[in-house]
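Chemist: First, the structure itself, so that you have it in front of you.
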Amino acid sequence: MTANNQHLQHLARIPLAAALILAASPASACSNHTKPIAVGGVDGFASLANPANTAILRSSCKVSLYIHGYIWTRLKKGSNIRHKILKVFKGTGPAMVELGASPNTAAFFGTYYEQNFRARGVIAHIATINGADGLTLPQWKNYVTAGKSEGLKIIAPDFAPNVDQDWHNGTIDRHLWNQNKRRALIGGALAIDAPPSFFFWYTPNYRHFIVHEIQWANQNHLRSILIISPNTARRRFLSDTQQMIAYLTRQNANPTNYVVENYESLPWPKSFINLVGSETSRYSITGVALWLTTLFPKQTN
């Protein structure tokens, strides 16, 4: 058995209880650098206002806050909850935000982003962008320039071919992929939204392409940001994530950054168990993020 295979088997065997121990750190504050893992989402996002739900995650100095624009502007008792969440994650470094694309960059960043994020105390260095395909390359360049004027340093188009229309007889739409490569080179990163359960359910060509995306970004010295979400995983969320990371490791396709989030429509159904929740649950967003901290060496202040 190779050392790499031994490492993979070890990762797959780490239960959540062991992860609690491995992630623990006596650090009272972390360096002000971008962390390899960001945690957030939509359903149950307000649970991050309770510091007990992420105590070990934050003390690991490997995790920062992920703010999905959809829920950030729709929180009940918004100002109070937003303030509490930012206070809990103070000291974990800059946040990562998820935004929509807009051709009206002046209004989007000068008004929407300024009022909803910067004016509310959000310090973010990386943004992942939904709907980047809807912008022409000149519009994307303007969007990136405007975002950087508001303090963002890296602006990543979010691209994973998760719908059949992105494929032609099992081959990725080359024009679509080439355009997103150009966007990634302009913005400094590529975000890849590939839920682990979907990753194994969809076609082998899809899995090969996700590997290709990560490898391409890494080879071009960009950040490769893998977005992990539960989709339909339910109680398989952690095990599906472990299997996916093992698969990517075998293919030499480990991303530079992970995001763990959910994005169910509100209100979520009672049967939905993959809430942002507490790190003590193996089904929660924070619980899976806690396991991911075992992939990285201990961080220093």
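The values are calculated or read from the model by the stated rules, or taken from the named source; none is laboratory data. Note that this is a predicted model, so its numbers are computed, not measured. Because the Cβ atoms are built from the backbone with ideal geometry, glycine has one as well, and the counts that use them run over all protein chains shown.
Chemist: For the stretch 207-227, how many residues are in contact with a Leu (Cβ under 9 Å, 6 or more places away or on another chain), in a helix (DSSP H, G or I), farther than 10 Å from Ala184 by Cα and of a type in the set (A, V, I, L, M, F, W, C)?
Modeler: Let us first name the residues in the stretch 207-227 that are in contact with a Leu (Cβ under 9 Å, 6 or more places away or on another chain), namely 210-211, 213-214, 216-217, 220, 222-226.
Checking which are in a helix (DSSP H, G or I) leaves us with 210-211, 213-214, 216-217.
Retained after the next criterion (residues that are farther than 10 Å from Ala184 by Cα): 210-211, 213-214, 216.
Of the ones still in play, those that are also of a type in the set (A, V, I, L, M, F, W, C) are 210-211, 214, 216.
Within the stretch 207-227, residues that are in contact with a Leu (Cβ under 9 Å, 6 or more places away or on another chain), in a helix (DSSP H, G or I), farther than 10 Å from Ala184 by Cα and of a type in the set (A, V, I, L, M, F, W, C) number 4.
Per-residue answers, yes or no, for (1) out of contact with any Phe, Trp or Tyr (no Cβ under 8 Å at 6 or more places or on another chain); (2) part of a loop (DSSP other than H, G, I, E, B); (3) within 16 Å of Ala46 (Cβ to Cβ):
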position: Leu248; (1), (2), (3): yes, no, no
position: Tyr258; (1), (2), (3): yes, no, no
position: Lys270; (1), (2), (3): yes, yes, no
position: Val276; (1), (2), (3): no, yes, yes
position: Tyr283; (1), (2), (3): no, yes, no
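Chemist: So, one more: Is it the case that Ile225 is out of contact with any helix residue (DSSP H, G or I) (no Cβ under 8 Å at 6 or more places or on another chain), surrounded by 20 or more Cβ atoms within 10 Å (Cβ to Cβ) and under 24 Å from Val97 (Cα atoms)?
Modeler: On the way: out of contact with any helix residue (DSSP H, G or I) (no Cβ under 8 Å at 6 or more places or on another chain): yes; surrounded by 20 or more Cβ atoms within 10 Å (Cβ to Cβ): yes; under 24 Å from Val97 (Cα atoms): yes.
So Ile225 passes the test.
Chemist: For the stretch 103-141, name all the residues that are more than 21 Å from the chain's Cα centre (by Cα), of a type outside the set (A, V, I, L, M, F, W, C) and not in a helix (DSSP H, G or I).
Modeler: Listed by number, the residues that qualify are Pro103, Asn104, Thr136.
Chemist: Which numbered condition trips up Thr232, out of (1) surrounded by fewer than 16 Cβ atoms within 10 Å (Cβ to Cβ); (2) part of a helix (DSSP H, G or I)?
Modeler: With respect to (1) surrounded by fewer than 16 Cβ atoms within 10 Å (Cβ to Cβ); (2) part of a helix (DSSP H, G or I), Thr232 is out only on (2).
Chemist: Is it the case, given these coordinates, that Ala184 is closer than 20 Å to Glu261 by Cα, of a type in the set (A, V, I, L, M) and not in a loop (DSSP other than H, G, I, E, B)?
Modeler: Numbers: closer than 20 Å to Glu261 by Cα: no; of a type in the set (A, V, I, L, M): yes; not in a loop (DSSP other than H, G, I, E, B): yes.
So Ala184 fails the test.
Chemist: Moving on to the next point. Scan (1) more than 21 Å from Pro94 (Cα to Cα); (2) in contact (Cβ under 8 Å) with a residue 40 or more places away in the chain for the single condition Ile225 breaks and write down its number.
Modeler: Single failed check for Ile225: (1).
Chemist: Out of Ile123, Ile155, I need the residue that is closer than 18 Å to Tyr66 by Cα, surrounded by fewer than 21 Cβ atoms within 10 Å (Cβ to Cβ), of a type in the set (A, V, I, L, M, F, W, C) and modelled with pLDDT of 95 or more. Which one?
Modeler: On the way: Ile155 fails: surrounded by fewer than 21 Cβ atoms within 10 Å (Cβ to Cβ).
Answer to the selection: Ile123.
Chemist: Something else about it: Which numbered condition trips up Glu98, out of (1) over 19 Å from Ala46 (Cα atoms); (2) part of a strand (DSSP E or B); (3) acidic (Asp, Glu)?
Modeler: (1)
Chemist: Of the residues Ile67, Ile56, Ile71, which is crowded, with 17+ Cβ neighbours inside 10 Å, in a strand (DSSP E or B) and either among the hydrophobic types (A, V, I, L, M, F, W, C) or without any contact (Cβ under 8 Å) to a residue 40 or more places away in the chain (or both)?
Modeler: Values: Ile56 fails: in a strand (DSSP E or B); Ile71 fails: in a strand (DSSP E or B).
It is Ile67.
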